[in-house]
Number of protein chains: 2
Amino acid sequence: MSRVKELFGIKYPIIQGGMVWCSGWKLASAVSNAGGLGLIGSGSMYPDVLKEHIIKCKKATDKPFGVNIPLLYSHIEEHIDIILKERIKIVFSSAGNPDKYTSILKDNGIIVVHVIANTKFALKAINAGVDAIVAEGFEAGGHNGIDETTTMCLIPKIRDIASLPLIAAGGIASGSSMLAAFALGADGVQVGSRFAVCKESSSHDRFKEAVLKSSDGDTALTLKEITPVRLLKNQFYQNIQQAYQTNATLDELKDLLGKGKARKGIFEGDVLNGELEIGQVSALINNIETAKEVIDDIVLEFNNEMKKILKVSL
Amino acid sequence: MSRVKELFGIKYPIIQGGMVWCSGWKLASAVSNAGGLGLIGSGSMYPDVLKEHIIKCKKATDKPFGVNIPLLYSHIEEHIDIILKERIKIVFSSAGNPDKYTSILKDNGIIVVHVIANTKFALKAINAGVDAIVAEGFEAGGHNGIDETTTMCLIPKIRDIASLPLIAAGGIASGSSMLAAFALGADGVQVGSRFAVCKESSSHDRFKEAVLKSSDGDTALTLKEITPVRLLKNQFYQNIQQAYQTNATLDELKDLLGKGKARKGIFEGDVLNGELEIGQVSALINNIETAKEVIDDIVLEFNNEMKKILKVSL
C-alpha cells in the first residue's frame, strides 16, 4: 500500500481511472488535490485537446497527476510526443501491447503503469519493464479483457506471479471494497465509476442520473468480437442484442457501433442512443459528490471497516 | 461472522457448497468434522440415493451438516419428504423460487438458507422467511444467475438491503478471499471449487487434475438461454460455442447439452465430452488436499492476512 503512495508521491493509494469523456483536467486535478492520483483520460482527445488539458491540469494542481493512454488509439504517436514535451511524470497505458512504448517512456524518466486483465498480459507488462500493474476485473466499466476474470479471482492470481506494486480495479467504489482489494493482495485501488459521476467529471448530467438510477444487473459486457465494453443496458445496448439475435456480421456490428457513440452518450447525454460506459458498481453509487468528498468518504469508510474487521476472529 | 457460527452451531463460518457429483456424505461429513458446515448436494441424487447419503453422513459425523436442494429438480417433492423424515436440521435451497418450500421446512424447525445472485431474489428469499442468504457471484462454478454480478459488487449490494446473516460465494477458496468477503459485509463464506477437488470429493481424479491444471480464463459461463453454467472450456464447451456460431436453435442446444453430461465429466472423468462445472477460482487451486487440510489452511491464512492488513493505515 505504502509502495503505491511512494511510487507516485501521493497521500492515499487511490487512483482515479482514466475515462473517456469524464476525466479531463478538471477531474484529474480535483482528485490529485484531494490526495489521490488523478489521470487525464486521453482516449477521447485529439492531440491539441490533450495538450490543453495537460496545461490546465498543471495550473490547477501542484500535486502529481498522470495521463492514461489507450495504446491502440489512432493518435498514440502524437500523444506520446505531447507527454514527453510536457514532461508528464506518470503514464498509465491500457488496451494494447506495452512492449513498444514502455521503454520510450521509461527512458524519459516517466513512471509507467500498464492495465491488464489476465496473467498473460501481466507477464508482458512486467517484461516490458513497467513500474506497476493495474489488474482490472470483469466488473469494471468501459473497455475490458475477454477472459471475464473477476476482481476477486484476478488480484490473487496476479499477486502470485508479480512482486511489483499492484493496483486493483473493477468493482471498487468504497472503503469496504478498497479493504477487500487489500485483503486480496493489492497495494492500491483504481476507482472509475464513482469518479465518472462526480461533480468535476465532464460527463453529462443525464449520464450521471442514469448511473445513479441503475441497479444490479443493469450493465453488461458486450461487443466481445470487436472490443469488449461494459455499459448500461439502454436502447443502444438493446439494438446490439437485437443484431446478435438476427446473426449480424462483424461489419454490421461495427456499423451499429459506429463512431462517437461514447461521446454521444457520456458527453452529450443521449442516454438512449449513446454508449453509456460504466462498471457494475454503478448499482452502489447513489450520489453526485465532489472528488474530494469521494476520496474523504472512501478513506473514512476504509478506516471504519478496518476497525470492524479487527473484531473478527476465527 | 459469529452469527453464521451461532446459526448453524459450527466452529468456523465456512460452508462447503453443495455440488453435484462431488459432495456426498463423505465430503459433507469431512467438512463438518473439520469445523465447517458440510452440505450433501442432492441435485445429482435419486431419492433413495439421497436417503442413503443422509444416513451415512449421520454415522460419519456428530457435527451439524445440511442438504442442498435445487428447487427446480424433478425429484424435489420426494427430497423434501426425505429431509423431513430424516430430521435434517439445515437446508440450503437454490435454483428456484423459495416461496413454496421455505415455510414447509421452517414449520418443521429446519434452518433454511437460500442461494441468490441478485437483489430481486434476495428480496424474494427474505419475504419467504429464510434464516440466511448465500449471495453467489458471477465467478462461481456450476449453475449461476443471469445478471453476471460479481462477488465484489453483489455482496455490498445485498448487505445494503438485507440485515440477516449473509454468506458470500463465488471466487472464495482461501483465507485472503474470505477476509475480502468479510470486508465486503459477509458473515460467512461458501467454498465450492476447492472442496470439489479435495480428497473426500466423489469427483473423478481426471476431473480433479483438469481443475488443478487450469489457469485464469479457462472457465466460462455458457448456456445462458437454458440454465447459465460455469465450466472448464473443454471439447464439450467448444462444441456448444460451435453451435452458437452456426446459430443453433434452443432445441439444438438442449440436444447438445443432453442428459448426464455433468455425471459424465465430473463423476466418470470424461474430461473431453463431459460438463466440468467449476469456478473461476480453479486458477488458484493447485493441490488435492483433505477437507480438514483445506479448512485449516483457510483459517490459518485468514488469521495471517488479518495480521498483515492491520499494518495498513490510510
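Remark: the Cα gyration tensor places the protein assembly as shown in the prolate category, a/c being 1.5 or greater and a/b exceeding b/c.
Need one word for segment B:247-288: rounded, prolate or oblate. Basis is the Cα gyration tensor (sqrt eigenvalues a ≥ b ≥ c); a/c below 1.5 gives rounded, then a/b vs b/c decides.
Values: a/c = 3.76, a/b = 1.88, b/c = 2.00.
Oblate, because a/c is 1.5 or more while a/b does not exceed b/c.
About its Cα centre, what dipole magnitude does chain A give when the only charges are +1 on Lys and Arg Cβ and -1 on Asp and Glu Cβ, stated in debye to the nearest 20? Walk me through the numbers on the way to the answer.
Details: 35 positive and 36 negative charges, 138 e Å.
Dipole size: approximately 660 debye.
Per residue, the protein assembly as shown reaches -12500 deg cm²/dmol at 222 nm when only DSSP H runs of four or more residues are counted, each adding -39500 (n - 2.57). Charge dipole of segment A:110-191 (Cα centre as origin; +1 on each Lys and Arg Cβ, -1 on each Asp and Glu Cβ, all else neutral): 140 debye, rounded to the nearest 20. Estimated from the Cβ-Cβ distance and a Förster radius of 35 angstrom, the FRET efficiency linking A:ASN127 and A:ASP48 is about 0.55. Loop-resident trypsin sites (Lys or Arg not before Pro) (DSSP state other than H, G, I, E or B) in segment A:35-133 with no more than 16 further Cβ atoms inside 10 Å of their Cβ: A:ARG87, A:LYS89. The other copies place their A:LYS120 label points at 3.5 nm from this one, listed shortest first, where each point is 7 Å from Cα along Cα→Cβ. Cross-linked pairs A:LYS5/B:LYS120; A:LYS308/B:LYS199; A:LYS233/B:LYS259; A:LYS5/B:LYS157; A:LYS120/B:LYS26: Cα-Cα separations exceed 31 Å for A:LYS5/B:LYS120; A:LYS308/B:LYS199; A:LYS233/B:LYS259; A:LYS120/B:LYS26.
Counting from the shortest, the label point at B:ARG87, 7 Å from Cα toward Cβ, is 8.2 nm from the same position in each remaining copy.
Using Cα pairs under 8 angstrom and six or more residues apart, how large is the relative contact order of chain A, in percent?
On the way: 675 pairs, mean separation 56.3, N = 314.
That works out to 18 percent.
Label positions at B:ILE226 and B:ILE288, each projected 7 Å from the Cα along the C-beta direction, are separated by 2.8 nm. Taking every DSSP beta bridge that has both ends in the protein assembly as shown, the antiparallel portion is near 20%. Excluding same-chain neighbours fewer than eight residues apart, the lysines reachable from B:LYS85 by a Cα-Cα span under 16 Å are B:LYS51, B:LYS56, B:LYS58, B:LYS106.
Please work out whether segment A:274-314 counts as rounded, prolate or oblate from its C-alpha gyration tensor, where a ≥ b ≥ c are the square roots of the eigenvalues and a/c under 1.5 means rounded, while otherwise a/b larger than b/c means prolate and anything else oblate? Note, shape of segment A:274-314 comes out oblate. Could you give the DSSP H helices of chain B that reach 18 angstrom or more along their long axis (alpha carbon positions) and whose average Kyte-Doolittle hydropathy is no lower than -0.5? Span-like helices in chain B: B:47-60, B:291-310.
Could you check the spin-label model distance between B:SER2 and A:GLU77? Points 7 Å from the Cα along Cα→Cβ, value in nm. If labels sit at B:SER2 and A:GLU77, their model points lie 6.7 nm apart. Over segment A:205-281, Cα pairs under 8 Å with separation of 6+ residues give a relative contact order of 39 percent. Sorted shortest first, the separations between the A:SER2 label point and its copies elsewhere in the assembly read 3.3 nm; each point sits 7 Å from Cα along the Cα-to-Cβ line. Extension gain, A:ARG87 to A:THR246: 0.36 nm times the residue separation minus the Cα-Cα distance gives 52.2 nm.
Normalising the average separation of contacting C-alpha pairs (under 8 angstrom, six or more residues apart) by the number of residues puts the relative contact order of segment A:46-122 at 29 percent. Between segment B:266-285 and segment A:111-173, the C-alpha centres lie 25 angstrom from each other.
When you filter the trypsin sites (Lys or Arg not before Pro) in segment B:240-292 for DSSP loop state and at most 10 other Cβ atoms inside 10 Å of their Cβ, you are left with B:LYS259. Residues of segment B:79-110 with amide nitrogen under 14 Å from the 7 Å Cα-to-Cβ point of B:LYS120? B:96-98, by backbone N distance to the label point.
No value in this document is a laboratory result; all are computed from the given coordinates. Note that this is a predicted model, so its numbers are computed, not measured. Glycine also receives a Cβ, built like all others from the backbone with ideal geometry; neighbour counts cover every protein chain displayed.
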